[in-house]
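Starting off with a structure, shown below.
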Amino acid sequence: PARSTESSAYFTHCNLQPAHLLLALRSAMGTSFKHKNFISAASFARRLLELPDMSSERNADLRVKATKVLQKSEQMARNEHELNYNESSTFSIDCASFLPIYAGANVVNCSYCGSSYAGTSMKGKVCLTCGLSVVGIQTLGLVSGS
């Protein structure tokens, strides 16, 4: 349960369109609440209620649900599972372990797709995301000579 809650929490920090962010927050709120992580569920409910799309009539049911989850979560005010998630810190996701890499940590990137990897364990290996480039090598990009 903790890993699925973490994964849904990480997904809410992706650069998504507002309609898709709404879906991600709804999923994270539901997952957190179901797994009795009430502090996290309250946080996702608050973020969900702050979205501009929530004022529309088509999201009235979701607004009511988020309000109920927020009230119940604030009453319970505890997390059942310890999560490797800090909503206030910026992070990227390690593409090998799918864990957060918080700002300031040692990171190597794929020069082609930009995938991030924590530490140096993937340095010199083929990127797991694109399979096209070696991780940690700096390149200029496509150079065509005449």
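Tally time: how many residues in the range 12-42 are in a helix (DSSP H, G or I) and either touching a strand residue (DSSP E or B) at 6+ places or on another chain (Cβ under 9 Å) or open to solvent by less than 10 Å² (accessible area, probe 1.4 Å) (or both)?
Count: 11.
Now for a separate question. Report yes if V108 is crowded, with 17+ Cβ neighbours inside 10 Å and out of contact with any Cys (no Cβ under 6 Å at 6 or more places or on another chain), otherwise no.
yes
Just checking: which of the strands (runs of 3 or more DSSP E) contained wholly in the range 50-146 hold 1 or more residues that are under 22 Å from S40 (Cα atoms)?
Ranges flagged: 91-93, 100-102.
The values are calculated or read from the model by the stated rules, or taken from the named source; none is laboratory data. Not measured: the values here are computed from a predicted model. Neighbour counts run over all protein chains shown; Cβ positions are idealised from the backbone, glycine included. Areas reflect the complete protein model, heavy atoms only, side chains present, ligands, DNA and RNA absent. Shrake-Rupley method; radii C 1.70, N 1.55, O 1.52, S 1.80 Å.
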